[in-house]
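Asks: I'd like to ask you about the structure that follows.
The values are calculated or read from the model by the stated rules, or taken from the named source; none is laboratory data. Not measured: the values here are computed from a predicted model. Note that we place each Cβ from the backbone using ideal geometry, even for glycine, and neighbour counts take in every protein chain shown.
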Amino acid sequence: MRWPQGHPHDPPPGGIDLSVGSVMAVAGALAPIIFLSDWATANPGLGLAASIAVPLLVAALCGLFNGVLIALLGVQPIIATLIFFISGRGIAQVLTNGNLQTFTNPDFTWLGTGRLLGLPVQGWIALALTITIALVVRRSLYGRYLLSVGGNERAATLAGVPVARVKITTYVIAATLAGLAGMIVVAQNSASDAARIGQLMELDAIAAAVVGGAALSGGRAPIFGALLGAVFIQLMGYTLIANGISDEMTLIVTAAIIVLAVWLQRGARA
Amino acid sequence: MPDALLQMTGITKSFGGVPALADGTLSILPGEVHAIVGQNGAGKSTLITILTGVYRRDGGTVRWQGREVDLRSPREAQAAGIATIYQELTLVPQRTVIENIVLGYEPKTRLGMTDWRAAEARTRAVLGRFGIDIDPHRPLGSYPTAIQQLVAIGRAAAMEAKLLIMDEPTSSLDEREVQVLFGVIRQLKAQGTSILYVSHFLDEIFELCDGVTTLRDGRTVGAARIADLSRLDLIAAMLGRSAEDIRSVGMTELSGQSRAEGGAVVLEASGIATGRRLRKLDLTLRAGEIVGLAGLLGSGRTEAARAIFGMDRLTAGTVRLADQPAAITSPRAAIAAGMAFLSEDRKTEGIIPDLSVCENLTLALLPRLARMGIVDQKRERRIVEGFIAALGIKAAHMDQPIRQLSGGNQQKVLLGRWLAIEPRLLILDEPTRGVDVGAKREIQAIIKAKVKEGCAVLLISSEFEELIEGAHDIVVMQEGRSVTRLSNPGVTEDRLIHAMAAGAPA
């Protein structure tokens with residue numbers, strides 16, 4: 001489960017995805033480049049569609065790269081995703097020449113700041129994705145396969161589960177959702193800062209999943225737990241800051257909560 | 001009668017309101033090898049985990065060396081002199097034998113550093129005592145399982161344990177290694193160490209143990225000297241039936257089958273090889289027939305099953321499945337072609353521990369339960385309900401995680417996983433190993449019924465009774481080759497052993 005900005009991402013089966021923040025940066029940097037281009041200003045409708053579709057596609061390709069490395073070449077997830085963790089942000093900065101890109105594009109910023117029926121659009125997106133993913137994990141063939149691969153890969157292989165395909169799909173989904181999250185951040189700020197988008201987001205995501213009760217060893221995916229974990233961590237952070245407690249203290253308190261969550265789960269598993 | 005080293009009386013323990021142990025009693029004398037037997041779910045593991053300090057008891061008393069004690073953690077139990085050799089080894093394979101022997105109890109120099117010279121001396125003393133001749137400077141993982149297990153025992157001996165608990169210590173050893181282990185156990189016993197021996201192999205218990213405690217449904221139902229018991233008495237006590245009952249129906253549920261004549265050939269393997277462990281196997285299987293695969297450990301039985309099921313790539317020979325021209329190169333393809341393979345290794349190749357009974361049972365069937373990628377859960381649950389009833393699976397409900405079930409019930413769920421795909425060919429690798437006597441008979445009865453329906457079964461088993469009573473034909477393997485095929489009726493234990501040892505029918 002990965003929850004940058006409260007957006008759900010899939011649990012790679014027993015793996016860890018360090019590339020989340022960097023993929024956010026790539027997608028986030030790419031979107032304004034497309035809709036600010038001459039072609040897009042000439043074709044605003046198509047331009048907007050492309051500025052959403054192309055970054056998502058690029059993000060998906062990053063996930064495909066991770067997935068192939070892990071599932072077909074047997075590279076350890078933490079190493080494979082480290083490649084984009086390091087290079088992704090570099091690519092994003094090269095794309096933008098390292099500059100802060102600011103823009104005004106109400107259609108695009110609607111993604112980050114718009115409201116629908118009184119609720120922020122990004123809230124609707126989070127809600128829709130949570131429900132979709134929960135349904136996928138519980139009801140679909142892919143979801144069941146995902147949990148079985150995460151829970152016991154050898155047993156899953158023997159039972160005829162297409163393990164490599166499941167893993168690759170999972171990294172593609174995770175990266176695509178990271179791309180979406182990156183675009184939402186950019187839309188919120190009306191600016192894209194390749195150096196900052198999604199920074200350390202992969203760790204927040206892991207923290208949210210752990211607080212929500214996911215097993216990092218794989219095989220358990222409490223989707224709503226992860227949502228609660230993400231909301232809880234964010235809310236707590238904002239509450240502490242709003243009460244005049246410093247950023248640094250907030251980090252320490254967050255860490256303490258993770259320790260508490262892990263400890264409580266130990267009790268529940270024994 | 002000397003005073004007991006350990007006296008556990010009236011131990012009770014419940015998990016989430018479900019009693020696992022209602023009245024556990026266990027008494028072990030100094031210097032005796034004591035067996036504890038019972039079906040899976042009888043409460044053996046619970047009693048032992050309370051003794052080792054992993055769980056706390058709800059009620060009852062534990063007296064250790066005459067004093068009432070309360071062991072609150074594995075460390076406290078170890079400090080008191082209770083050491084455990086687990087089924088899964090818990091040592092560090094990458095480190096040397098010496099490091100493993102002294103781990104956590106390293107001798108120190110005056111400067112507080114580990115005194116490696118003393119550590120080596122201690123290691124050599126222990127290994128020498130058991131007659132194990134290995135280089136203690138090499139990583140533990142470079143030695144076979146049997147040696148690693150002996151090192152684990154050596155470690156316990158070096159810690160001067162008074163009671164050594166062994167949980168299924170022979171499950172991955174071959175005959176010769178078992179004899180070495182038994183030698184070590186007898187030596188420990190001669191030195192006054194008591195041993196609590198947990199095993200499903202009754203032969204071992206009768207060969208090795210002095211006393212035995214029987215558990216059933218969470219209660220101690222008997223404690224006796226081995227010398228006063230017969231095998232049948234012990235099985236009867238475990239099952240809660242009379243010895244007469246069992247004598248009249250035979251020892252396994254596979255006995256008394258008639259062969260379906262003229263069944264169509266389902267599988268034909270000729271000259272298959274996958275490497276050093278499987279060099280040349282010929283095998284023909286017909287519908288409605290059980291063919292046993294016999295051989296000593298390491299003769300290539302499991303490798304044969306893996307090759308047929310598409311897990312290992314063939315380096316020579318062909319496997320032909322009726323109406324299936326394409327070669328089978330993956331388990332997925334094998335399943336699609338109507339094959340099923342129940343692995344001998346339930347834990348690492350069978351169960352998905354955190355998934356439910358239902359999800360585990362339908363894993364292989366799942367593609368057929370899904371339409372447009374969505375699992376038809378109504379149908380799934382109906383099918384699972386059917387199997388739970390038909391196989392007598394004991395679970396609180398089908399959504400219970402499978403890891404909470406006893407070994408026998410886990411095995412039934414896995415058998416259900418394969419029966420659900422209605423295979424033409426069912427490969428069973430040690431289907432009743434590590435399973436209690438009751439579940440064993442039930443599993444055998446299920447296999448028998450399946451064969452009657454026309455399924456072909458390839459049965460790999462180390463139990464002569466199971467093979468001789470169950471299989472129509474027995475293919476004997478030696479060093480990766482099939483050497484002979486014995487036909488029932490007429491196979492006797494002597495003939496089979498002779499064929500396994502010499503490669504020629506007696």
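Asks: What helices (runs of 4 or more DSSP H) lie completely within segment B:1-118 and have 2 or more residues being surrounded by fewer than 18 Cβ atoms within 10 Å (Cβ to Cβ)? Steps first, answer last, please.
Replies: Numbers: elements: B:44-51, B:74-80, B:97-102.
Passing ranges, in order: B:74-80.
Asks: For segment B:434-506, list the helices (runs of 4 or more DSSP H) that sit wholly inside it and hold at least 1 residues that are small (Gly, Ala, Ser) and modelled with pLDDT of 85 or more; which are they?
Replies: On the way: elements: B:437-452, B:464-470, B:493-502.
Where helices (runs of 4 or more DSSP H) fall fully within segment B:434-506 and carry at least 1 residues being small (Gly, Ala, Ser) and modelled with pLDDT of 85 or more, they are B:437-452.
Asks: Kindly indicate whether any position in segment B:390-409 is aliphatic (A, V, I, L, M), at pLDDT below 90 and in a helix (DSSP H, G or I).
Replies: Taking every residue of segment B:390-409 in turn, at least one turns out to be aliphatic (A, V, I, L, M), at pLDDT below 90 and in a helix (DSSP H, G or I).
Asks: Could you tell me which numbered condition residue B:400 fails, if it satisfies all but one of (1) within 14 Å of chain A (Cβ to nearest Cβ); (2) surrounded by fewer than 16 Cβ atoms within 10 Å (Cβ to Cβ)?
Replies: Residue B:400 satisfies every listed condition except (1).
Listed here are the residues, each with its yes/no results for (1) at the interface with chain B (Cβ under 8 Å from one of its Cβ atoms); (2) within 21 Å of residue A:81 (Cβ to Cβ); (3) assigned to a helix (DSSP H, G or I).
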| residue | (1), (2), (3) |
| --- | --- |
| A:143 | no, no, yes |
| A:147 | yes, yes, yes |
| A:156 | yes, no, yes |
| A:160 | yes, no, no |
| A:167 | no, yes, yes |
| A:170 | no, yes, yes |
| A:174 | no, yes, yes |
| A:177 | no, yes, yes |
| A:181 | no, yes, yes |
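Asks: When you go through A:267, A:218 one by one, which is the residue that is within 14 Å of chain B (Cβ to nearest Cβ), at pLDDT below 80 and buried (at least 20 other Cβ atoms within 10 Å of the Cβ)? Explain how you work it out, then say what you get.
Replies: Values: A:267 fails: buried (at least 20 other Cβ atoms within 10 Å of the Cβ).
Just one listed residue meets the conditions, A:218.
Asks: Moving on. Of everything in segment B:267-291, what is closer than 15 Å to residue B:478 by Cβ, outside any loop (DSSP other than H, G, I, E, B) and not aliphatic (A, V, I, L, M)? Give them in sequence order. Talk me through it step by step, then tell me what you get.
Replies: First, pick out the residues of segment B:267-291 that are closer than 15 Å to residue B:478 by Cβ: B:273, B:276-283.
If we keep only those that are outside any loop (DSSP other than H, G, I, E, B) as well, we get B:273, B:280-283.
Of everything in segment B:267-291, those that are closer than 15 Å to residue B:478 by Cβ, outside any loop (DSSP other than H, G, I, E, B) and not aliphatic (A, V, I, L, M) turn out to be B:280, B:282.
Asks: Name the residues in segment B:324-347 that are facing chain A (nearest Cβ under 9 Å), part of a loop (DSSP other than H, G, I, E, B) and within 19 Å of residue B:407 (Cβ to Cβ), would you?
Replies: B:343, B:345 - these are the residues of segment B:324-347 that are facing chain A (nearest Cβ under 9 Å), part of a loop (DSSP other than H, G, I, E, B) and within 19 Å of residue B:407 (Cβ to Cβ).
Asks: While we're on this one: If you take the residues of segment B:36-74 that are more than 30 Å from residue B:432 (Cβ to Cβ) and among the β-branched types (Val, Ile, Thr), which of them is nearest to the chain's Cα centre (by Cα)? Lay out the reasoning, then the answer.
Replies: First, the residues of segment B:36-74 that are more than 30 Å from residue B:432 (Cβ to Cβ): B:53, B:56-74.
Narrowing further to those that are among the β-branched types (Val, Ile, Thr): B:61-62, B:69.
Values: B:61: 31, B:62: 29, B:69: 33 Å.
Looking at residues that are more than 30 Å from residue B:432 (Cβ to Cβ) and among the β-branched types (Val, Ile, Thr), I get B:62.
Asks: Please state which of the following conditions residue B:321 fails to meet, knowing it meets all the rest: (1) within 12 Å of another protein chain (Cβ to nearest Cβ); (2) crowded, with 20+ Cβ neighbours inside 10 Å; (3) not β-branched (Val, Ile, Thr).
Replies: With (1) within 12 Å of another protein chain (Cβ to nearest Cβ); (2) crowded, with 20+ Cβ neighbours inside 10 Å; (3) not β-branched (Val, Ile, Thr) applied to residue B:321, the lone miss is (1).
Asks: Sort out which residues of segment A:128-141 are at the interface with another protein chain (Cβ under 8 Å from one of its Cβ atoms) and buried (at least 19 other Cβ atoms within 10 Å of the Cβ), and write them in order of number.
Replies: Across segment A:128-141, the qualifying residue is only A:141.
Asks: Show the residue pairs meeting these rules: Cβ distance below 6 Å; 6+ apart or different chains; first residue within segment A:192-205 and at pLDDT 75 or above; second residue in a loop (DSSP other than H, G, I, E, B).
Replies: These pairs meet every condition: A:193/A:100; A:194/A:96; A:202/A:18; A:205/A:3.
Asks: Quick one: residue A:197 ticks every box in (1) within 14 Å of chain B (Cβ to nearest Cβ); (2) touching a helix residue (DSSP H, G or I) at 6+ places or on another chain (Cβ under 8 Å); (3) not acidic (Asp, Glu) bar one, so which box is it?
Replies: Single failed check for residue A:197: (1).
Asks: Step by step: first the residues of segment B:348-387, then only those that are assigned to a helix (DSSP H, G or I) and among the aliphatic types (A, V, I, L, M), then the one that is nearest to the other protein chains (Cβ to nearest Cβ). Which residue is that?
Replies: Filtering segment B:348-387 down to residues assigned to a helix (DSSP H, G or I) leaves B:348-349, B:357-361, B:366-369, B:377-387.
Adding the requirement that they be among the aliphatic types (A, V, I, L, M) leaves B:357, B:361, B:366, B:369, B:383-384.
On the way: B:357: 14, B:361: 10, B:366: 6, B:369: 8, B:383: 14, B:384: 13 Å.
Top of the filtered list is B:366.
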